[in-house]
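For reference, the structure discussed in these notes is given below.
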Amino acid sequence: MNRSKILAYAVGPIGSGLIGLITLPIITWFYSVDDVGRISMLQVCTSFFILLFCLGLDQAYVREYHESENKTVLFKVVLWPSLLLGSISLLIITLYDTSIVSKLLYGISSVYLSVLSIICFIVALIARFLSLILRMQEKALAFSMSQLLPKILFLVFVLGVVWFGFSKDSYTLMTANALSLFAAFGVYAWNTRLEWLSAIKVKFDWQQFKLSLAFGLPLVLGGLASWGLNVMDRLFLRSMSTYAELGVYSVAMSIAAVATLISGIFNTIWSPMVFKWISEGNVDYKKIDDISEYVLAAIYFVVVLAGMFSWVLPFLLPKTYVEIQFLICACLLGPLFYTLSETTAIGITIARKTKFSMLASILAMLVSLVCNYILVPLYGASGAAISTALAFWCFYLFRTELSKKVWRDFVTKKAYTVTALLMLLAIINVLAPLEIYIQIGMWVCALLLGLYFFKNIKLKTLLQLKKV
């Protein structure tokens with residue numbers, strides 16, 4: 001993949017991150033922390049719906065795309081079962097009680113919020129599959145713009161609410177979120193119209209469906225476990241703490257998501273690139289190991305720099321969110337450890353041993369469950385941040401060791417040492433808030449240590465990635 005294509009893929013995550021940096025302070029200043037907590041629950045349940053009703057077929061599409069002779073049939077085979085099963089399930093729920101979704105998620109009895117949430121679930125599910133077409137066809141700029149547009153529109157909608165003096169409550173915030181999601185769906189649908197229109201006409205291939213389901217179905221349990229791993233913190237905060245704590249934590253995670261732009265870019269490119277190497281019979285293990293080393297170095301310095309400058313955050317947000325400066329490093333570790341695990345666990349997918357991915361997700365989810373159960377009642381958002389970071393670290397360890405078992409052995413001593421150090425520093429930052437000068441000094445020492453750890457990585461070598 002050449003430099004221009006990588007840059008095109010980067011437009012979406014980088015642009016989304018910059019827009020997020022503008023949008024987030026606006027939301028925190030004009031909406032209550034409870035409203036922020038409620039929209040977080042909408043996002044949590046949308047991700048759950050996608051994971052459950054994709055049936056693992058989205059992963060099957062990515063895995064089989066380059067080896068499939070009829071990609072239109074493959075798309076129909078993976079989309080229609082998921083869409084049909086998801087729609088029927090939501091219809092049954094709606095017929096039972098039109099406001100039950102709103103009651104369970106937001107603590108508000110509202111038919112409008114329930115129907116809006118259900119529509120969001122369906123639209124997000126279809127958009128997930130449409131986005132895969134752009135991703136696998138390597139239409140990098142179209143894929144990026146489809147990510148960027150909803151962020152821009154969400155900002156416009158929020159500013160419109162403030163400018164025109166509409167009520168600043170859960171209703172307007174969730175409506176703005178839904179409209180931005182619908183816009184993304186519209187862009188995906190337009191950019192992939194040839195593929196999905198053709199898929200309507202072709203005959204459903206039951207044999208391909210069986211093969212795809214055999215690959216993807218074991219990933220459903222693993223996917224649900226992975227979802228639990230990602231949202232266990234917010235579920236425990238919702239049930240064992242307050243919407244205020246949930247709101248603070250959600251904003252911290254949102255800031256962390258902006259800071260982990262490298263994760264979004266890398267995760268989009270990595271798996272399809274390796275599968276393409278495999279289909280071409282051109283797998284270079286040293287190249288894979290080198291990329292894993294570069295990702296480890298990037299993760300280390302991102303966390304360290306975030307710790308050094310976290311004292312800036314209280315100046316950008318209301319006083320309600322002052323605690324975020326201590327949470328941010330721990331919140332960063334989850335998505336970054338996940339990205340690191342993608343480099344070491346690729347062997348599980350190459351070997352088609354998806355049951356091991358499921359096992360790693362389940363074990364890590366259990367770690368998250370136990371840690372959140374113990375720490376959230378004691379420390380609230382701080383306990384949730386530590387629990388999630390620890391669970392994702394275990395997730396990385398589990399996936400790496402299982403990949404070594406089913407694929408090939410590779411050196412992990414350095415990576416385990418570096419990630420353990422990051423965990424220790426993040427926990428200290430959360431549980432023992434230090435004076436600003438001591439805090440900065442701790443992270444400066446970590447920075448110097450990192451320069452020693454990665455002294456063998458040269459800029460010239462990094463630049464050679466453009467030839468990957």
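Every number here is computed from the coordinates shown, using simple stated rules; none is lab data. Source: prediction; values computed, not measured. Counting neighbours? That spans all protein chains shown, and the Cβs are built from the backbone with ideal geometry, glycine included.
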Rounded, prolate or oblate, given the Cα gyration tensor of the stretch 244-371, with a/c below 1.5 counting as rounded? prolate
Theoretical gain in end-to-end length, L424 to L104 [0.36 nm per residue, Cα-Cα removed]: 111.6 nm
Add +1 for every Lys or Arg and -1 for every Asp or Glu among the other residues with Cβ under 12 Å from the Cβ of A60, and state the total. 0
What relative contact order, as a whole-number percentage, does the chain give when Cα pairs under 8 Å and 6 or more residues apart are counted? 22
Simple spin-label estimate for A214/K414, 7 Å along Cα→Cβ, in nm, reads 4.1
Based on the Cβ-Cβ distance from L305 to K405, what FRET efficiency comes out when R0 is 25 Å, to the nearest 0.05? 0.10
Could you rank the peptides 378-390, 27-39 by their average count of other C-beta atoms within 10 Å per residue, with the highest value first? 378-390, 27-39
Would you kindly derive the ³J(HN,Hα) couplings of the stretch 270-281 from the backbone phi angles with the Karplus curve 6.51 cos²θ - 1.76 cosθ + 1.60 (θ = phi - 60°), listing them in order in whole Hz, with x for Gly and Pro? 4, 4, x, 5, 5, 5, 5, 4, 5, 5, 8, x
Dipole of the chain, Cα-centred, from +1 at each Lys and Arg C-beta and -1 at each Asp and Glu C-beta, to the nearest 20 debye? 1120
Value of [θ]222 nm, deg cm²/dmol, for the chain, DSSP H segments ≥ 4, -39500 (n - 2.57) each, nearest 500: -28500 deg cm²/dmol
Compactness index (Cα Rg / 2.2 N^0.38 Å), the stretch 235-468: 1.05
Cross-link pairs beyond the 20 Å C-alpha cut-off, checked among K71/K139; K286/K405; K76/K353; K76/K210; K71/K355; K71/K203: K76/K353; K71/K355
Once the piece of chain linking L95 and Y373 is laid out straight, how much longer is it, given 0.36 nm per residue of separation minus the C-alpha distance between them? 96.6 nm
Under 1.5 on a/c is rounded, so check that first for the stretch 14-109, then, if it is not, pick prolate when a/b is larger than b/c and oblate when it is not; a ≥ b ≥ c are the square roots of the alpha carbon gyration tensor eigenvalues. oblate
Distant-in-sequence amide H partners of D169 (H built 1.01 Å from N, under 5 Å): none
Cβ-Cβ FRET estimate between V156 and D289, R0 fixed at 60 Å, reported to 0.05: 0.85
Three-way shape label, the stretch 174-262, alpha-carbon gyration tensor, a/c 1.5: oblate
Aspartates and glutamates with Cα under 19 Å of K319, excluding same-chain neighbours fewer than 8 positions away: D34, D35, E245, E435
Expressed as a fraction of 2.2 N^0.38 Å, the rule-of-thumb size for a compact globular protein of N residues, what is the C-alpha radius of gyration of the stretch 111-234? 1.30
Quick one: putting +1 on the C-beta of Lys and Arg, -1 on the C-beta of Asp and Glu, what dipole do you get for the stretch 1-134 around its Cα centre, in Debye to the nearest 20? 260
Could you compute Rg(Cα) / (2.2 N^0.38 Å) for the stretch 1-204, with N its residue count? 1.10
D (µm²/s, integer) via Stokes-Einstein for the chain, Kirkwood Rh across alpha-carbon pairs, 10 °C, 1.306 mPa s: value 69
Segment M240-D205, extension gain: residue separation times 0.36 nm, minus the distance between their alpha carbons: 7.9 nm
